[in-house]
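The values are calculated or read from the model by the stated rules, or taken from the named source; none is laboratory data. Computed from a prediction, not measured in an experiment: that's the story for all the values here. Positions of Cβ are backbone-derived with ideal geometry, glycine not excepted, and every protein chain shown enters the neighbour counts.
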Amino acid sequence: MSSRSLPIILSLCLLTTRIAAAEDRLRIDRGINWDYCEYPPSETVLPATLALPGAEVQIEADQIEFDQEKELSLLRGSVQLWRLDGYAEADSISFDHQRRIANLFGNLFIEQGGLRATGEEGYLELDDDRGWLSETEFRLTTGGARGSAALITLNGRAHSSYRDVAYSTCPPDRDDWSLVASELDIDMAQGWGSARHARLELAGVPILYLPYFTFPVDERRKTGLLIPTMGSSNRLGSELTLPYYFNLAPNYDATLTPRLMSKRGVMLGAEFRFLGARQRGEISGEILSADRQQSPDRDDRRSALRFYHASLPYPGLATRIETSAVSDNEYLEDFGSGLAITSRRHLERIGEVTYNIGNWNLLGRVQRFQTVDESLSESQHPYRRLPQISARYRKRIAPLGLSLGFSGEYSHFKHDTLTNGERLSLRPSLSLPLRRSWGHLIPRLSLNYAGYRLDEEAAPSNETPDYFVPAYSLDGGLVFERETHWFGTPALQTLEPRLFLLYAPFDDQSEIPDFDSADLDISFGNLFKENRFTGRDRFGDAKQLAFGLTSRWFQSDNGMERLRASIGQIYYAEDREVQLSGSTEEDPSSAVVAVLSSRMGDHWRTRLTLRHNPHLDQEQIEKGRFNLNYSTPKQQHFNVDYNFKRDTIEDLDFSFYWPFGHQFSLFGKWKYSYLYERNMNRIVGLEYGGRCCWKLRTLVQRYVANEDKDEEEETRFMLQLELRGLGALGHAVDSTMQETIYGFNNER
């Protein structure tokens, strides 16, 4: 052989090796879309051209030698072995027909029970699904995991063991993270894997040693230690939670969660969940035996408890019990996370039963509250309902098309400082809805009665006040249409005027206490309501006409609403004497309400609502809100929200989540109160990593627990490493993102 031919031969050998490796990759990754986290089903899919006419095993090869005495076949050249629940191929296979054992040699590939593997040599017992493979690369098609191992031992169709293994859920040729272990067991039947003497590596760098570790390979649960979470804040200090999960039964489980806080101490939390055929429930609580930061004049034992239960014991019958309690008023502020929890003023405790039968809807309820906002006086605490019983009925009467309705309620109200009493309210109604494609006309009559029996201890001037107010209304509207264009696209525009005439005579209600009523906030939809109060303690006198005008643009080809503009106002013929407090309202008209919403393109949405009061001397805009949202399927989100209510609220809220390429994303939030002239919530964070492999999230948050000008800002730092298929290390940054960034969804 000449010296010139040697490099050529070596190049051909290298090329042949690369081609063989590429063919192995094509076989083992067939049907797996690593870029989009899509995986094939775990069942083996046989080639469509293969026929199995009752045969348990079928073999094809280029050459076949059969030893009849030993019942042994030696197959060479592109050997393929099929059976109903598995597949194997190799350069050569020695097959024992009597014992149904196959020895595989060279360039082998097998698939069974959600496992695919390539290797150099193997042994298979076909009847027991047992065997081994050496020098392997494997895929778990159910969970989209992959790896390599010096030896795979098959212990049955759903159970396999691995020696000297590297395991990851990252796409091939991307070893961003891997679990390297001396031993690994995977039980597909149970849905869990376990590793011994394992180390977690990021980009090949070991960061964590685990003598024993279990992890899920699908969505099923297993008793064991969950991924710890970590974080820090200036109120609690450094935090570490170590949740331990108990999979007690298929329909109930429990979690025990110690929470270590450097500034507060050790808190123990527990949760128990159960699920039945027609019920579900949850009990959770936490206790801190001694709070290091609690003032000497207060009890240093802090605790919280929550119970929830819902059931459907009978068709149409539903029950719900939900109660929460904390040991002190500062508990949520100290141990809650974010404005949604820390700004709560009341904790509800409620039990209710609902029953739907025919046209009837029945409700029984008991309700009370724990007030945790110390700024509220005793008189501002809500009433307790012990009990509340209500019934609703609605039916269409043929052939005239009349609609008959009824609403009745009995409630017993309790309060520590205000008037206690009982209330019975009855509201039958009769209407004649006349609806056509071009408009509607609905005359309606309702009779509104409420009677009271007040406690004598409050010494009211009238212990049994009541009111009876009939209300007559006529609701009419028209729909005009014309064909037009929306930025060059054919569209349909509508013009929809609406009139609502209402008459309700005056009945003196000044001696009736306010148990659950409030002034109805004026919005475009509320212009066309019969009563200007919520609840049942007041029914307003009215001689008025409400006018509304709406115009909408629809895209002709798909019917999508691109733009809606509405404006409306109420005109009063008489002063309104029935009030919750204060003097008679004498303004000849209500505030003007306007709403403008649009869908510009497929991703932009805007909404503007304004309430203008022409009877105010200054600052005639009473209330307004503007929303701008941009959202795409690629998880690009941009939100602006401005909320204004004169002398009450003026906030600007800005949030975004924006990916840059496939690996890096930036997100943030800023909420500023112009009323208090201070920042209320600020978040800046980044996310790095691909969603099919791993993600690292970190954020810094500064927020106030209560909307108070003098409240000190809290600072939190969170770090989370999410390894797909293993779990997340660190604090739940993704949960904070979903709570604060409109449109963000970590499940996409």
**Item:** Residues within region 463-504 that are surrounded by fewer than 15 Cβ atoms within 10 Å (Cβ to Cβ) and within 30 Å of Pro382 (Cα to Cα), tallied
**Value:** 4
**Prompt:** How about region 578-601: which of its residues are charged (D, E, K, R) and in contact (Cβ under 8 Å) with a residue 24 or more places away in the chain?
**Reply:** Asp587, Arg599
**Message:** Looking at region 86-93, can you tell me whether even one residue there is surrounded by fewer than 18 Cβ atoms within 10 Å (Cβ to Cβ), in the same structural domain as Arg27 (by TED's automatic domain parsing) and at pLDDT 85 or above?
**Reply:** yes
**Request:** Return yes when Gly548 is in contact (Cβ under 8 Å) with a residue 12 or more places away in the chain and on the phi > 0 side of the Ramachandran plot and no when it is not.
**Result:** no
**Complete:** Among (1) in contact (Cβ under 8 Å) with a residue 60 or more places away in the chain; (2) part of a strand (DSSP E or B); (3) of a type in the set (A, V, I, L, M, F, W, C), Leu499 falls short only on (1)
**Request:** Select, from Gly568, Gly540, Gly582, the only residue that is out of contact with any Ser or Thr (no Cβ under 7 Å at 6 or more places or on another chain), assigned to a loop (DSSP other than H, G, I, E, B) and surrounded by 19 or more Cβ atoms within 10 Å (Cβ to Cβ).
**Result:** Gly540
**Fill in**
Within region 214-245, residues over 22 Å from Arg697 (Cβ atoms), touching a Leu at 6+ places or on another chain (Cβ under 8 Å) and either surrounded by 15 or more Cβ atoms within 10 Å (Cβ to Cβ) or in the same structural domain as Glu713 (by TED's automatic domain parsing) (or both) come out as Val217, Tyr245
**Prompt:** Quick one: is Gly113 within 29 Å of Ser73 (Cβ to Cβ), touching a residue at least 40 places away in the same chain (Cβ under 8 Å) and in contact with a Lys or Arg (Cβ under 9 Å, 6 or more places away or on another chain)?
**Reply:** yes
**Asked** When the residues of region 406-448 are filtered to those that are closer than 30 Å to Leu478 by Cα and of a type in the set (Phe, Trp, Tyr), which remaining residue is surrounded by the fewest Cβ atoms within 10 Å (Cβ to Cβ)?
**Response** Trp438
**Request:** Filter region 76-111 down to residues that are more than 23 Å from Glu137 (Cα to Cα) and in contact with a Phe, Trp or Tyr (Cβ under 7 Å, 6 or more places away or on another chain), then give me how many there are.
**Result:** 0
**Item:** Any chance Ser473 is among the small types (Gly, Ala, Ser) and at pLDDT below 95
**Value:** no
**Asked** Does region 209-264 hold any residues that are within 18 Å of Glu333 (Cα to Cα) and of a type in the set (Lys, Arg), and which are they?
**Response** Arg235, Arg259, Lys263, Arg264
**Request:** Need at least 2 residues that are touching a helix residue (DSSP H, G or I) at 6+ places or on another chain (Cβ under 9 Å) and more than 28 Å from Gly568 (Cβ to Cβ) per element, so show me which strands (runs of 3 or more DSSP E) inside region 587-696 make the cut, counting only ones lying wholly within it.
**Result:** 649-660, 664-673, 678-688
**Item:** Count of residues meeting criterion [out of contact with any Lys or Arg (no Cβ under 9 Å at 6 or more places or on another chain) and surrounded by 15 or more Cβ atoms within 10 Å (Cβ to Cβ)] in region 365-405
**Value:** 4
**Asked** Would a scan of region 33-48 turn up a residue that is aliphatic (A, V, I, L, M) and at pLDDT 70 or above?
**Response** no
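In region 165-183, is there at least one residue being over 30 Å from Gln663 (Cα atoms) and either aliphatic (A, V, I, L, M) or in the same structural domain as His662 (by TED's automatic domain parsing) (or both)?
no
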**Message:** Suppose we filter Ser194, Ser178, Ser160, Ser182 for residues that are part of a strand (DSSP E or B), closer than 21 Å to Gly86 by Cα and small (Gly, Ala, Ser); which single one remains?
**Reply:** Ser160
**Request:** Examine region 527-535 for a residue that is buried (at least 17 other Cβ atoms within 10 Å of the Cβ) and in a helix (DSSP H, G or I), and state whether such a residue exists.
**Result:** yes
**Flag for Arg116 being at pLDDT 85 or above, of a type in the set (D, E, K, R), more than 21 Å from Glu60 (Cβ to Cβ) and part of a strand (DSSP E or B)** = no
**First in region 355-370 and hydrophobic (A, V, I, L, M, F, W, C), second anywhere and not in a strand (DSSP E or B), Cβ under 6 Å, 6 or more apart** = Ile357/Gly316; Phe369/Pro382
**Item:** Of all residues in region 159-170 being touching a Gly at 6+ places or on another chain (Cβ under 9 Å) and surrounded by fewer than 19 Cβ atoms within 10 Å (Cβ to Cβ), the one that is farthest from His197 (Cα to Cα)
**Value:** His159
**Asked** Does Ala150 meet the test of being touching a Lys or Arg at 6+ places or on another chain (Cβ under 9 Å) and either surrounded by fewer than 22 Cβ atoms within 10 Å (Cβ to Cβ) or aliphatic (A, V, I, L, M) (or both)?
**Response** yes
